[in-house]
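The values are calculated or read from the model by the stated rules, or taken from the named source; none is laboratory data. Keep in mind that this is a model prediction, so the values were computed, not measured. Every residue, glycine as well, gets a Cβ built from its backbone with ideal geometry; the counts of neighbours run over all protein chains shown. Surface accessibility is based on the protein's heavy atoms, side chains included, excluding ligands, DNA and RNA. Shrake-Rupley method; radii C 1.70, N 1.55, O 1.52, S 1.80 Å.
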Amino acid sequence: MDNERSAGRRVAVIGAGFSGTMVAIHLHALLPPACQVLLCERDRFACGTAYATPTLWAAIQYLGPREEAPAHRHTQTAFRFVVEGEGVWTNVEGDPVAMTRGDLLLTPGMHFHEHHNTSDHPMAWIDGLDIPLVRTIDAGFFEFGPDEPATRETPDRSRNERLWAHPGLAPVGAPAAKASPLMAYRWEHTDAALAAQLELEAEGHPGVVEPGHAAVRFTNPATAGDCLSTMRCEMHRLRAGTRTATTRTAGSAVWQVFDGGGVGTVGKEHWKVGKGDLFAVASWAPVAITASAESGLDAFRFSDEPVFEALGLARKEIR
């Protein structure tokens, strides 16, 4: 670790389980005295692991006003789903991608990425990664990038969007990529797609998952498969008062309430959930969501289902 670059920084380790505590101790030993290490936990320290599920890692990242996150890359696949703020750009392999509320931004494994906030306001997003899966198979690698950002340009549309964000149109001359070549999925498109499904349902046409429940999956425009090789990303919208069917899926998932509210039921547990709340669903645990009768509910979901499908272990039950 480069101590000169780390001097004066504040590093927060969210989740003080055994692994989180050991990471904090390791960082404290490596970093200069001017760098603070904050270990955050609401219960006991040094117990368990800092994972949402056995295969998925989820956290809220906060980028302060005018703050920059230095370039790095890792074998773990990652995405960012923006829950609050604007005025931030993430550079993925030198391509500046604007970030705004509701956008899904991808970082496939071993892609250099960095973030810079050009505004006087903070931004918060969900960081989703397959860290536990990669750790289990002992395939984790990490590298720092250059000290300075690859670019401080702030275009409205990134190069990858200019090439790939045209519905139903694939550039003939573009090189093949293992993961989605599109790094940004914009909220305006997601919102319009969900609204259209519910409008068509009201007109008597098919398209929704079930009555009052619209959903879209973020896909690779080059292959029509999942946008990431190890994680599935979806957005769901429930009309006010709608209750989903109870489902069980082989593979785990994390849900985040983007807007509205309701009640989440996982197994025998029930939680009242509202904007910003997250909850995890273990493999084969029955889950159902009931939207508030006043507001309805929008929720982002990511899961490890692509891994289970690739291994021939996919299984689902709807009741």
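Inside the range 143-158, can you point out the residues that are touching a strand residue (DSSP E or B) at 6+ places or on another chain (Cβ under 6 Å) and more than 19 Å from T107 (Cβ to Cβ)?
Result: no residue meets the conditions.
Hey, any hits in the range 160-171 for a residue that's touching a strand residue (DSSP E or B) at 6+ places or on another chain (Cβ under 6 Å), touching a residue at least 24 places away in the same chain (Cβ under 8 Å), open to solvent by 30 Å² or more (accessible area, probe 1.4 Å) and of a type outside the set (A, V, I, L, M)?
no
Check whether at least one residue in the range 295-315 is among the hydroxyl-bearing types (S, T, Y), over 15 Å from A215 (Cα atoms) and surrounded by fewer than 18 Cβ atoms within 10 Å (Cβ to Cβ), and report yes or no. Working first, answer last.
Step one: list which residues in the range 295-315 are among the hydroxyl-bearing types (S, T, Y), which gives 295, 303.
Those left that are additionally over 15 Å from A215 (Cα atoms): 295.
Applying the additional criterion that residues be surrounded by fewer than 18 Cβ atoms within 10 Å (Cβ to Cβ) yields 295.
Checked against the condition, which is being among the hydroxyl-bearing types (S, T, Y), over 15 Å from A215 (Cα atoms) and surrounded by fewer than 18 Cβ atoms within 10 Å (Cβ to Cβ), the range 295-315 yields at least one hit.
So P122 ticks every box in (1) at pLDDT 95 or above; (2) surrounded by fewer than 19 Cβ atoms within 10 Å (Cβ to Cβ) but one. Which box is left unticked?
Going through (1) at pLDDT 95 or above; (2) surrounded by fewer than 19 Cβ atoms within 10 Å (Cβ to Cβ) one by one, P122 breaks only (1).
Determine whether the range 237-253 contains at least one residue that is farther than 20 Å from E294 by Cβ and touching a Gly at 6+ places or on another chain (Cβ under 9 Å). Before you say what the answer is, go through the steps one by one.
If we filter the range 237-253 for residues that are farther than 20 Å from E294 by Cβ, which is where we start, we get 245-253.
With the extra rule that they be touching a Gly at 6+ places or on another chain (Cβ under 9 Å), the set shrinks to none.
No, the range 237-253 contains no residue that is farther than 20 Å from E294 by Cβ and touching a Gly at 6+ places or on another chain (Cβ under 9 Å).
Is it the case, given these coordinates, that A176 is modelled with pLDDT of 95 or more, among the hydrophobic types (A, V, I, L, M, F, W, C) and at negative phi? Break it down into steps so the answer makes sense when it comes.
Details: modelled with pLDDT of 95 or more: no; among the hydrophobic types (A, V, I, L, M, F, W, C): yes; at negative phi: yes.
No.
Which one is modelled with the highest pLDDT among residues in the range 1-60 that are within 26 Å of A282 (Cβ to Cβ) and among the acidic types (D, E)?
Selected residue: E41.
Given the criterion surrounded by 16 or more Cβ atoms within 10 Å (Cβ to Cβ), touching a Gly at 6+ places or on another chain (Cβ under 9 Å), more than 25 Å from T223 (Cα to Cα) and modelled with pLDDT of 95 or more, identify the matching residue among G274, G262.
Details: G274 fails: surrounded by 16 or more Cβ atoms within 10 Å (Cβ to Cβ).
Only one candidate qualifies: G262.
When you check V281 against the structure, is it surrounded by fewer than 21 Cβ atoms within 10 Å (Cβ to Cβ), under 17 Å from the mean Cα position of the chain (by Cα) and modelled with pLDDT of 95 or more, yes or no? If you could, list the steps in order and put the result at the bottom.
Numbers: surrounded by fewer than 21 Cβ atoms within 10 Å (Cβ to Cβ): no; under 17 Å from the mean Cα position of the chain (by Cα): yes; modelled with pLDDT of 95 or more: yes.
Criteria not met by V281.
Kindly list the number of the only condition in (1) over 23 Å from T107 (Cα atoms); (2) surrounded by fewer than 21 Cβ atoms within 10 Å (Cβ to Cβ); (3) touching a Ser or Thr at 6+ places or on another chain (Cβ under 8 Å) that fails for G204.
The number of the failed condition is (3).
So which residues in the range 125-159 are of a type in the set (A, V, I, L, M), open to solvent by 50 Å² or more (accessible area, probe 1.4 Å) and either at pLDDT below 95 or under 20 Å from the mean Cα position of the chain (by Cα) (or both)?
So the first thing to find is which residues in the range 125-159 are of a type in the set (A, V, I, L, M), and the list is 126, 129, 131, 133-134, 137, 139, 150.
This time we only want the ones that are open to solvent by 50 Å² or more (accessible area, probe 1.4 Å), so: 137, 150.
Once the filter is applied, which keeps residues that are of a type in the set (A, V, I, L, M), open to solvent by 50 Å² or more (accessible area, probe 1.4 Å) and either at pLDDT below 95 or under 20 Å from the mean Cα position of the chain (by Cα) (or both), the range 125-159 yields only A150.
Among residues belonging to the range 207-240 that are under 14 Å from the mean Cα position of the chain (by Cα) and among the aliphatic types (A, V, I, L, M), point out the one that is surrounded by the most Cβ atoms within 10 Å (Cβ to Cβ).
The qualifying residue surrounded by the most Cβ atoms within 10 Å (Cβ to Cβ) is M231.
Go through (1) closer than 30 Å to I289 by Cα; (2) open to solvent by less than 50 Å² (accessible area, probe 1.4 Å) for E188 and report which single condition fails.
(2)
Report yes if T107 is closer than 23 Å to T21 by Cα and buried (at least 17 other Cβ atoms within 10 Å of the Cβ), otherwise no. I'd like the intermediate steps shown before the answer.
On the way: closer than 23 Å to T21 by Cα: no; buried (at least 17 other Cβ atoms within 10 Å of the Cβ): yes.
When the stated conditions are applied, T107 does not pass them.
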